[in-house]
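Here is the structure we will look at.
The values are calculated or read from the model by the stated rules, or taken from the named source; none is laboratory data. As the structure is a computational prediction, the values presented were derived from the model and not from experiment. Positions of Cβ are generated from backbone atoms using ideal geometry, with glycine treated the same way; all protein chains shown enter the neighbour counts.
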Amino acid sequence: MGRVLLFQGLVGLTEAMYLWLVAAGLSLIFGVLRVLNFAHGALYMIGAYLTYAVFRACGGNFWIALLVGPVLVALFGWVMEVFFLRRVYRADVAFQLLLTFAFVLILDDVVKLVFGPVYQSPPTPKSLSGAVMVFGSPLPTYHLFILAAGGLVALGLWLFLEKTRWGLLVRATAADREMARALGVRSSRLFTGVFMLGAWLAGLGGALSIPVRSISPGMGELIIIEAFVVVVLGGLGSLRGAFIGSLAIGLLHSYGIVFLPVFELALAYLVMAAVLVVRPWGLFGVREA
Amino acid sequence: MAASRRTTRRTFLKTSAAGLAALAAPRGFGATPDLKLKKPIKVGCQTILSGPLGGYGEFMRKGAVLAMEEINASGGVGGSPLELNFRDEELKVDVGVKNARYFVDDWGADFLIGIDSSAVALAVGEIMPTLNRILIVTHGATEKFNEDLVYRKHIKQCFRICVPVYQDGIASAFIAKDLPVKKWATISPDYEYGHTSWKMFRATLKRIKPEVQFVGESFAKFGTVDFSSHISKVMGAQPEAIFSTEWGGEAVTMVKQAKLFKVFDQTKAFMIAMGSAMDVLQGLGADYPEGVWASGRYYFGYPDSPQNKKFVETFRKRWQSYPSYVSETSYAALYAIKKAVEKAKTLDIDPVIAALEGLQVDRPAGPCTIRKEDHQAVYAVPWGRIKHDPNFPMPILGDLRVAPTDEYYRKPPFPPVEA
């Protein structure tokens, strides 16, 4: 029984990694740009579709597709930030919601027009379709790969934010936008950069999903709600919060399926509500003055 | 919403054009009598046209449009052309009811067809006496629709042309009894359809093979994107075989992930009730493990009859794809309407209902009879094993097996299912 439970936890952590990739970008964008990006799930979706398109174009090489696909999403993020989002930073939050939600609807229909409504699902790369015995059960190599990828992204983001000059500027802008600008931070370029990074992260999540999940229009809507739960739970704008929040929701989900199957759906929301009662700014969020 | 409106307008234009073309065309062989009915006869079809299951709706639309084009080209229904209108059901009860009301009150529909969700089918079925139109469900599979709504509550406006969950939960057990396994578990959807099918499967299999055991179950909520936790939970119970009623994109994801978790190496049998739907066959492609038992509400390779061959060929010519089961059921629904109206010689509801009751329809899926007691179309759909054949662009079914309809269609007075 103990081994079965440990295995279940490990599986939950792999699901958490997908959540983390999406929630990280969502939280980063909110922290710096102060925009709740409803289209983040749609970016995850086009990450999957673009990666799939590259996969087909380059004769089925998953690794090339994995490198190129998310970069294309980042470029799309550039278009989105420079031509659209930039115009609503000062507008009412309702306009930001309308704009980002419009992107959800448009992108859903665009992928349906381009790729058709049928499910797409390229085969899992041969090198990652095996399994290793962990706690007495076979754990897919691909899941280990996802765990590693999620961990590497977390490490990379931490190094970037803590050890680089750009990271310093990002943190300064997130902490106090006016002060950072007064001190000479060129916020428009920084905003574009952060949005592209967030889009790349969502795109990477989508790209990593294609060998093991079916790709379909509207797939972004299936993950965005949980990503929001993670971000709110961890604290809006906090990357550490997004990471811990993802792990918590992932584990809650996989253990909920075993112990509280009838209740599993509500579990994440209940935990979120409980945390918000005690800490309205989330686990690692900053209390608004 | 935006998506549904656009689809409606687009298909409206297309279908109107087809209707006009049919009016201009010379009248076929004179086989269709001119009954001087209103022109055109309007049929409102609602199905899922957006989101991750939007592919289903596309297949249903294609089947209905094909039937309309054929019918109109050969003289229409009693001399009147058919006109179709499509709306997105969104699998939501309130949307489904709103669509039905729109079709009848604003658009002037004479018949309603379609509906994918069981919950929507039940809700729309309940208001059919108020709307006083005939509804022919082409996908929603809950047995409550024919057993409760029609048989017990006598809502005679409701009909269903597709096989209900008897295919998923009962015919499956007749296949399962011959498999060399005793310990079963399920990964199925966490709503009416998934629970009912599993219950019927257990009840039937226990009755015909008492030594079986049911060792584990995991029900996945609608919109599950990752089945890993469900798979590891169920495999923890060490079943010898898995029964599943996951469908659409979720079935694709589940099979792919089960494959990674080596479920197909650790178990001796795997059954997916809706696994031969075209979207699943195409979505999994080469990844679909051979030997998986799958079924649907029609399979394009069965029966081996001239009608079926002709349907598959015309469908492929028209849409460059093999038909999915919802294509056949929507196609059959329109032909059932044609036959019933021409038999009743009127569009009045009661005579058409009387004509539909007991009606024999020679459809691609084979000859079927619409039962008088519960307005359920009775026809056999095979189960078969997934195999890869270089002559087809997607996996197909081999080793087709058909349970006798007399054994697997529940009959009045529909005793409760005890599992």
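Restricting to segment B:246-277, name every residue that is more than 9 Å from chain A (Cβ to nearest Cβ), more than 18 Å from B:H388 (Cβ to Cβ) and part of a loop (DSSP other than H, G, I, E, B).
Result: B:E246, B:W247, B:T267, B:K268, B:A273, B:M274.
What single numbered condition from (1) within 14 Å of another protein chain (Cβ to nearest Cβ); (2) under 20 Å from B:C368 (Cβ atoms); (3) without any contact (Cβ under 8 Å) to a residue 40 or more places away in the chain fails to hold for B:V280?
(2)
Over 19 Å from A:L204 (Cα atoms), in a helix (DSSP H, G or I) and small (G, A, S), is that true of A:G167?
yes
Does B:K233 meet the test of being over 21 Å from B:L179 (Cβ atoms), under 26 Å from the mean Cα position of the chain (by Cα) and either free of Cβ contacts under 8 Å to residues at least 12 places away in the same chain or within 7 Å of chain A (Cβ to nearest Cβ) (or both)?
Spelling it out, it is not the case that B:K233 is over 21 Å from B:L179 (Cβ atoms), under 26 Å from the mean Cα position of the chain (by Cα) and either free of Cβ contacts under 8 Å to residues at least 12 places away in the same chain or within 7 Å of chain A (Cβ to nearest Cβ) (or both).
When the residues of segment A:110-127 are filtered to those that are on the phi < 0 side of the Ramachandran plot and surrounded by fewer than 18 Cβ atoms within 10 Å (Cβ to Cβ), which remaining residue is nearest to the other protein chains (Cβ to nearest Cβ)?
A:P123
Looking at A:L197, A:L201, A:L190 in this structure, which one is more than 14 Å from chain B (Cβ to nearest Cβ), surrounded by 19 or more Cβ atoms within 10 Å (Cβ to Cβ), under 19 Å from A:E15 (Cα atoms) and out of contact with any His (no Cβ under 7 Å at 6 or more places or on another chain)?
The unique qualifying residue is A:L201.
If I ask for residues that are surrounded by 19 or more Cβ atoms within 10 Å (Cβ to Cβ), of a type in the set (S, T, N, Q) and part of a loop (DSSP other than H, G, I, E, B), which ones from segment B:48-107 would you list?
Selection gives B:S50 alone.
Every residue in segment B:251-298 that is of a type in the set (S, T, Y) and either in contact with a helix residue (DSSP H, G or I) (Cβ under 7 Å, 6 or more places away or on another chain) or closer than 28 Å to A:I146 by Cβ (or both), please. Walk me through it before giving the result.
Within segment B:251-298, the subset of a type in the set (S, T, Y) is B:253, B:267, B:276, B:288, B:295, B:298.
Within segment B:251-298, B:T253, B:T267, B:Y288, B:S295, B:Y298 meet the criteria.
Can you tell me how many residues in segment B:282-306 are modelled with pLDDT of 95 or more and either surrounded by fewer than 24 Cβ atoms within 10 Å (Cβ to Cβ) or within 20 Å of the chain's Cα centre (by Cα) (or both)?
So in segment B:282-306, the residues modelled with pLDDT of 95 or more come out as B:288-306.
Now narrow it down to the ones that are either surrounded by fewer than 24 Cβ atoms within 10 Å (Cβ to Cβ) or within 20 Å of the chain's Cα centre (by Cα) (or both): B:289-291, B:293-306.
Here the count works out to 17.
Looking at segment B:370-404, which of its residues are out of contact with any Ser or Thr (no Cβ under 9 Å at 6 or more places or on another chain), closer than 24 Å to B:G63 by Cβ and either small (G, A, S) or not in a loop (DSSP other than H, G, I, E, B) (or both)?
B:I370, B:Q376, B:L400
Could you tell me which residue of segment A:272-284 is nearest to B:S232 (Cα to Cα), considering only residues that are aliphatic (A, V, I, L, M) and crowded, with 17+ Cβ neighbours inside 10 Å?
Step one: of segment A:272-284, the residues aliphatic (A, V, I, L, M) are A:272-278, A:283.
Keeping just the survivors that are crowded, with 17+ Cβ neighbours inside 10 Å gives A:272, A:275, A:283.
On the way: A:M272: 26, A:V275: 29, A:L283: 30 Å.
Looking at residues that are aliphatic (A, V, I, L, M) and crowded, with 17+ Cβ neighbours inside 10 Å, I get A:M272.
Does B:F159 meet the test of being among the hydrophobic types (A, V, I, L, M, F, W, C), surrounded by fewer than 18 Cβ atoms within 10 Å (Cβ to Cβ) and more than 18 Å from B:V263 (Cβ to Cβ)?
Criteria not met by B:F159.
If we scan segment A:140-153, do we find a residue that is touching a residue at least 24 places away in the same chain (Cβ under 8 Å) and β-branched (V, I, T)?
yes
Within segment B:162-190, how many residues turn out to be under 24 Å from B:A377 (Cα atoms) and either of a type outside the set (A, V, I, L, M) or in contact with a Cys (Cβ under 7 Å, 6 or more places away or on another chain) (or both)?
8
Being away from chain B (no Cβ under 14 Å) and in a loop (DSSP other than H, G, I, E, B) narrows it down to one of A:R90, A:R86, so name that one. Let's see the steps before the verdict.
On the way: A:R86 fails: in a loop (DSSP other than H, G, I, E, B).
Only one candidate passes the filter, namely A:R90.
Can you tell me how many residues within segment B:49-68 are away from chain A (no Cβ under 14 Å) and touching a strand residue (DSSP E or B) at 6+ places or on another chain (Cβ under 9 Å)?
Going through segment B:49-68 one residue at a time, the tally reaches 4.
Which residue, of B:A241, B:A203, B:A176, is within 28 Å of B:Q376 (Cβ to Cβ), buried (at least 19 other Cβ atoms within 10 Å of the Cβ) and over 19 Å from the mean Cα position of the chain (by Cα)?
None of the others qualify; the one that does is B:A176.
Residue pairs, Cβ under 8 Å, 6 or more apart or interchain, first in segment B:405-417 and assigned to a loop (DSSP other than H, G, I, E, B), second at pLDDT 95 or above and of a type in the set (F, W, Y). List them.
B:Y409/B:Y166; B:R410/B:Y166; B:P412/B:Y151; B:P413/B:Y151; B:F414/B:Y151
What is the residue count in segment B:189-200 for residues that are buried (at least 20 other Cβ atoms within 10 Å of the Cβ) and either at the interface with chain A (Cβ under 9 Å from one of its Cβ atoms) or of a type in the set (A, V, I, L, M) (or both)? Please lay out each step first, then the result.
Going residue by residue through segment B:189-200, those that are buried (at least 20 other Cβ atoms within 10 Å of the Cβ) are B:189, B:193-194, B:196-198, B:200.
Imposing the further condition that a residue be either at the interface with chain A (Cβ under 9 Å from one of its Cβ atoms) or of a type in the set (A, V, I, L, M) (or both) reduces the set to B:200.
Residues flagged as buried (at least 20 other Cβ atoms within 10 Å of the Cβ) and either at the interface with chain A (Cβ under 9 Å from one of its Cβ atoms) or of a type in the set (A, V, I, L, M) (or both) within segment B:189-200 amount to 1.
Which condition number in (1) away from every other protein chain (no Cβ under 12 Å); (2) out of contact with any helix residue (DSSP H, G or I) (no Cβ under 6 Å at 6 or more places or on another chain); (3) within 15 Å of B:G291 (Cα to Cα) is the one that B:P239 fails?
Failed condition: (3).
For segment A:1-21, enumerate the residues that are more than 11 Å from chain B (Cβ to nearest Cβ) and closer than 25 Å to A:G282 by Cα.
Across segment A:1-21, the qualifying residues are A:W20, A:L21.
Hey, any hits in segment B:353-370 for a residue that's in contact with a strand residue (DSSP E or B) (Cβ under 7 Å, 6 or more places away or on another chain), under 28 Å from B:G285 (Cβ atoms) and among the aliphatic types (A, V, I, L, M)?
No: zero hits.
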